[in-house]
Amino acid sequence: MARLGPVLAAALIAVSAPAFGSSDDGAADPFAAPAPGGERPLSITIESGLQVGRLGLTGHEDGNAAIDPQTGAKQVGPNMIDLGGVSFQGKATITGQPLKPVRIDLPQSVLLRSPSGAEAELSDFRTDLPAVAMLDANGQLVFNFGATITSKAAQGGDFRGRIPIRVEYY
């Protein structure tokens with residue numbers, strides 16, 4: 001019988017930070033009057049955070065798992081096994097000027113920490129957005145995002161972190 005290593009992500013929930021819109025303070029109000037240029041300020045609402053469920057390392061080496069942005073399916077990589085639990089992709093809604101194209105930037109990576117001080121990394125962020133994302137006639141755009149979680153120093157924990165998502169008119 002194989003010995004199971006530490007549990008990597010008991011309940012990772014990565015919650016996105018507020019979007020940076022066309023206003024300088026990064027806290028655009030979707031119901032605000034149009035800006036001097038006539039555009040409604042952009043805002044982002046996180047409908048659900050990224051959840052990877054429970055994962056376990058199979059030995060003393062790091063492992064990884066990915067969440068698909070379209071289906072929310074979890075795919076484990078080498079040195080890791082799926083221990084169950086709920087996993088799903090993150091979901092966000094952008095609000096702004098109707099029928100305007102927007103650029104959505106996700107970070108290269110995000111460091112996650114557990115209460116015990118252990119660390120893991122989220123990287124390889126992906127979305128289900130088309131090449132050119134555009135707000136609809138109501139000034140909204142809903143999209144899903146996924147990422148890959150990688151253990152660091154083969155340590156387990158209940159990891160949490162914030163994913164800064166930047167949104168601007170294109």
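Taking the residues in segment 68-101 that are among the small types (Gly, Ala, Ser) and part of a loop (DSSP other than H, G, I, E, B) as candidates, determine which candidate is modelled with the highest pLDDT.
Initial filter on segment 68-101 (among the small types (Gly, Ala, Ser)): 72-73, 77, 84-85, 87, 90, 92, 96.
Still in the running and part of a loop (DSSP other than H, G, I, E, B): 72-73, 77, 85, 87, 96.
Details: Gly72: 93, Ala73: 93, Gly77: 93, Gly85: 89, Ser87: 91, Gly96: 96.
The selected residue is Gly96.
Evaluated against (1) more than 26 Å from Pro41 (Cβ to Cβ); (2) open to solvent by less than 40 Å² (accessible area, probe 1.4 Å), Leu135 falls short on exactly one condition, (1). Entry remark, segment 102-117: residues being assigned to a loop (DSSP other than H, G, I, E, B), surrounded by 15 or more Cβ atoms within 10 Å (Cβ to Cβ) and in contact with an Asp or Glu (Cβ under 9 Å, 6 or more places away or on another chain) number 1 in total. One residue stands out in segment 121-139 among those that are outside any loop (DSSP other than H, G, I, E, B) and over 14 Å from the mean Cα position of the chain (by Cα): the one that is farthest from Ile67 (Cα to Cα), namely Met134. Number of residues in segment 117-144 that are over 17 Å from Thr95 (Cα atoms) and touching a Lys or Arg at 6+ places or on another chain (Cβ under 8 Å): the value is 4.
Only residues that are open to solvent by less than 30 Å² (accessible area, probe 1.4 Å) and among the aliphatic types (A, V, I, L, M) were counted across segment 55-101, and they come to 8.
Would you point out the residue of segment 37-54, among those that are closer than 21 Å to Gly96 by Cα and among the small types (Gly, Ala, Ser), that is least open to solvent (accessible area, probe 1.4 Å)? Steps first, please.
Looking only at segment 37-54, we keep the residues that are closer than 21 Å to Gly96 by Cα, and these are 37-48.
Going one step further and asking which of them are among the small types (Gly, Ala, Ser), we end up with 37-38, 43, 48.
On the way: Gly37: 78, Gly38: 39, Ser43: 13, Ser48: 34 Å².
Among those that are closer than 21 Å to Gly96 by Cα and among the small types (Gly, Ala, Ser), it is Ser43.
The values are calculated or read from the model by the stated rules, or taken from the named source; none is laboratory data. Here the structure is a predicted model, which is why all the values come from computation and not from measurement. Neighbour counts run over all protein chains shown; Cβ positions are idealised from the backbone, glycine included. Surface areas here come from the heavy atoms of the whole protein model, side chains and all, with no ligands, DNA or RNA. Shrake-Rupley method; radii C 1.70, N 1.55, O 1.52, S 1.80 Å.
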